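Okay, structure first, notes after.
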Amino acid sequence: MQNALKFLVFISILLYQASGFASEQARLSQSYDKRFSDRAESLRLLQTIDESRLSDSDKNKFTYLSLYHDIFAGKITSSVRDLKTLNDTVDDPELKLTILGTLLSAHVGVKDWHAGFADVDKVQAIFDDYPHLAGSEDGLRTSNGVGIFLNAAEEYERAAAIAESVIARTELPSTLCIAHNILVQALENRSEFEKFDRVHEQGIKHCNEASMSYIVLSLNYSKVMQKSQIWSKSRTIDYALQQLDIALEEGFLPLIHSFQSFLAGQYCEIEDFQECLSMAYAVIRTGSDNGYIVPRLFSYEYAAIASAELGYFENAHTYWEAFSVLQRQYYSDLAARQIAVQNARFNDQAKEAQIALLDKENSLLQTEAKLSAEQIQNSLLALALSAFLLIALLLWSWRAMIVQKKLKVMAREDSLTHIANRGYFTELARIALEKSKPIKQTVTIILFDLDHFKRINDNYGHHVGDWALKSAVRAVEGALGNSATVGRVGGEEFAIFAEGLSLEEATELAEKCRGAIETIDPEAIHRTKFSLTASFGVCDTTQVGYNYDTLYTAADLALYQSKTRGRNRVYVYTHLTDGE
């Protein structure tokens, strides 16, 4: 009797444990399935799960979901690191695909372009090894992750092709929602506006069906960016404020910051500088290292402009310095992204060449197997073919060397004006400052900006705008001779650094450049009548020392003063401190 009682107790314990394990597994599956359609419910379910009661494979899925939700909470950098570690330890190809899809989206936030392209290759390798997964829902979601990454890497054509392929192969609203968002962003950046409204409308429909409100916000952010070119300012601001309220309810920081930064720019354009500063400061205050640099970059710029207009000059100087540091980081990331894209294309070409070589080697082996009475003649033919392959390999190596040289030039030279780009100009200027500091040689930074350049583009077209930029550069180079170095540091903004000039000589040099630009005659070339002028700001190391960021910021403030005091003139940083 006692043995029977013990047996019943033992069975009861086993059944209780089994039911507990089943319950934990069921909640995990529900949390996993709802991560796109109802993120809040997915997180709530995840928080009720006792991880210790899960199997090893379910523990990996639990860890993935925890990191997935951490990304939405703004913990992007640490989550990406832990997702990489998890991906290296997981054997299940379906979970690997899911992790890679999330990683590809997150790589955009941390700007790890090389890792992103490497993960694109890993996804393709899994599809090659498990072809049935390419058409599965997990496979299509991962393809969406590839599309998100390619959009961010400015590979819009590839991203659009992937999104269209996913849309054609699924009926699941959540997958369709993300694919339409990818396609909308690609169309916006490729200026294919005739398709934009239709795809945007379809995306909103699928996202509402899937209850993916944060993707609806992303779609509507693309919409307000595109429609701001044709809507009135009041309509644009009202729409963006409505979307910001929804974003604040969702709590997704990247979209909150995107709308706040956009609104700051809109308020600055209508000269409501108090609201501009308020929106910009909201991004600066909460936009620490969440991985998304562009909203913070623009917010620092708008905050500096608004502060200067409101008379908070000390704050304006602080914001300009922060903007300069972040802008340098942004351009460094831009160069890294371009190099990563070029390397990815180069690697694709290398793989194609390797496949071609293997095909030719297989052909050669087949030829050797068929040798008979004509063995000697065929051997000579094989030797000739080998020589041809060797020459082809040498030519391919030479082409690779040329590509690397082109990459080096691209990283240093502005493609339109063929002068130093921002990164290379900054590098040269820092070297000059380090060399001049011990011997107390003066180094001057001169910034200049073409006046009303947007009007030229809007009224006469971008080809005339490009001509104006190149003509201004040629005029300045003629005025400078060999006395200084000029670089393009923004759209219509340029910088000059010179060594060994007094402040008076540098000001005269800036005035000479200003006069050279003013004499350019557009009517003689384009039969269009408009004036081409530029505003200049000057500062040297006798005023603010040998720190490049401080020197650049001071010259930028002088340039800003020049533009607000009527444009087409030269201002020296000392004018600001003298109160002029």
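The values are calculated or read from the model by the stated rules, or taken from the named source; none is laboratory data. Computed from a predicted model, the values in this text were never measured in an experiment. Glycine also receives a Cβ, built like all others from the backbone with ideal geometry; neighbour counts cover every protein chain displayed. Accessible surface areas use protein heavy atoms only, side chains included; no ligands, DNA or RNA. Shrake-Rupley method; radii C 1.70, N 1.55, O 1.52, S 1.80 Å.
At-a-glance table
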item	result
Filtered residue count, the stretch 431-451, keeping only those that are surrounded by fewer than 16 Cβ atoms within 10 Å (Cβ to Cβ) and either in contact (Cβ under 8 Å) with a residue 12 or more places away in the chain or in a helix (DSSP H, G or I) (or both)	5
Count of residues meeting criterion [over 21 Å from Ser191 (Cα atoms), open to solvent by 20 Å² or more (accessible area, probe 1.4 Å) and in a helix (DSSP H, G or I)] in the stretch 204-214	5
Single condition Ile162 does not satisfy, out of (1) under 18 Å from the mean Cα position of the chain (by Cα); (2) hydrophobic (A, V, I, L, M, F, W, C); (3) farther than 25 Å from Ala247 by Cα	(1)
Spans of helices (runs of 4 or more DSSP H) in the stretch 225-287 with at least 3 residues among the aliphatic types (A, V, I, L, M) and surrounded by fewer than 19 Cβ atoms within 10 Å (Cβ to Cβ)	233-250
Qualifying residue in the stretch 177-197 (condition: surrounded by fewer than 19 Cβ atoms within 10 Å (Cβ to Cβ), among the charged types (D, E, K, R), more than 16 Å from Ile162 (Cβ to Cβ) and at pLDDT 90 or above)	no
Among (1) closer than 28 Å to Lys111 by Cβ; (2) surrounded by fewer than 16 Cβ atoms within 10 Å (Cβ to Cβ); (3) not small (Gly, Ala, Ser), the one test that Phe298 misses	(2)
Any strands (runs of 3 or more DSSP E) falling wholly within the stretch 474-580 and containing at least 2 residues that are small (Gly, Ala, Ser) and either open to solvent by less than 40 Å² (accessible area, probe 1.4 Å) or within 23 Å of Thr426 (Cα to Cα) (or both)	484-488, 493-499, 534-540
Every pair of residues 6+ apart whose Cβ atoms lie under 6 Å, when the first sits in the stretch 207-236 and is within 25 Å of Thr170 (Cα to Cα) while the second is open to solvent by less than 20 Å² (accessible area, probe 1.4 Å) and outside any helix (DSSP H, G or I)	none
Test: residue in the stretch 154-165 that is acidic (Asp, Glu) and in contact (Cβ under 8 Å) with a residue 60 or more places away in the chain	yes
